[in-house]
1. Would you mind getting the accessible area per residue of the chain, heavy atoms of the protein chains only, 1.4 Å probe, in Å²?
2. If we count every other residue with Cβ under 15 angstrom of TRP43's Cβ, Lys/Arg +1 and Asp/Glu -1, where does the sum land?
3. Pull up all non-local amide H partners of GLY28: gap of 5 or more, or a different chain, and H-to-H distance under 5 Å with H placed in the peptide plane.
4. Do the alpha carbons of any pairs in LYS18/LYS39; LYS18/LYS68; LYS39/LYS89 sit beyond 20 Å of each other, and which pairs?
5. Kindly sort THR56, THR50 by accessible area of their heavy atoms, largest first, with the probe set to 1.4 Å.
6. Over the stretch 36-87, one equal point on each Cα, no solvent: what is log10 I(q)/I(0) by the Debye formula at q = 0.26 Å⁻¹?
7. So what's the net charge close to TYR80: Lys and Arg +1, Asp and Glu -1, counting the other residues with Cβ under 11 Å from its Cβ?
8. Dipole size in debye (nearest 20) for the chain around its Cα centre, Lys and Arg Cβ +1, Asp and Glu Cβ -1?
Amino acid sequence: TITITITALTEQMAEEIKLRVSPNPNNGRFNLSFQVATKSDLWIDIMDPTGNKVFTANQADFIGSYSKEINLPQVSSSLYLVRIQHNKKIYLKKIIIQR
């Protein structure tokens with residue numbers, strides 16, 4: 001068992017792909033958007049404070065704009081981490097879910 005504790009995170013790299021979560025804070029329903037200029041496999045994960053994935057999606061050879069409404073009705077109020085992996089880079093964004 002591996003426990004992950006989310007502490008101070010820099011979100012500078014998230015600006016590189018214009019990673020947005022709105023609204024933030026939210027009630028478990030939010031819009032996720034970003035843009036990438038190179039073609040590469042894409043992985044999207046949303047993790048709870050213990051590192052468990054509460055949402056995951058992937059797409060081969062993704063390029064361009066991504067925009068999707070995410071609905072997480074099963075999660076509790078807490079701080080979560082959006083993790084985007086694309087073109088050998090990882091982008092992170094903190095989100096707050098309040099019920």
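The values are calculated or read from the model by the stated rules, or taken from the named source; none is laboratory data. As the structure is a computational prediction, the values presented were derived from the model and not from experiment. Neighbour counts run over all protein chains shown; Cβ positions are idealised from the backbone, glycine included. What goes into the accessible areas is simple: the full protein's heavy atoms, side chains included, and nothing from ligands, DNA or RNA. Shrake-Rupley method; radii C 1.70, N 1.55, O 1.52, S 1.80 Å.
1. Details: 6020 Å² over 99 residues.
Roughly 61 Å² per residue, with all protein chains present.
2. On the way: positive: LYS39, LYS53, LYS68, ARG83, LYS88, LYS89, LYS93; negative: ASP41, ASP45, ASP61.
Summing Lys/Arg as +1 and Asp/Glu as -1 gives +4.
3. Those lying under 5 Å, H to H, from GLY28 are GLN98.
4. Details: LYS18/LYS39 16 Å; LYS18/LYS68 14 Å; LYS39/LYS89 13 Å.
Correct reply: none exceed it.
5. Details: THR56 90, THR50 70 Å².
Output order, biggest surface exposure first: THR56, THR50.
6. Rounded to two decimals, the profile gives -1.03.
7. Details: positive: LYS53, ARG83, LYS93, LYS94; negative: ASP45, ASP48.
Local charge sum for TYR80: +2.
8. 100 debye
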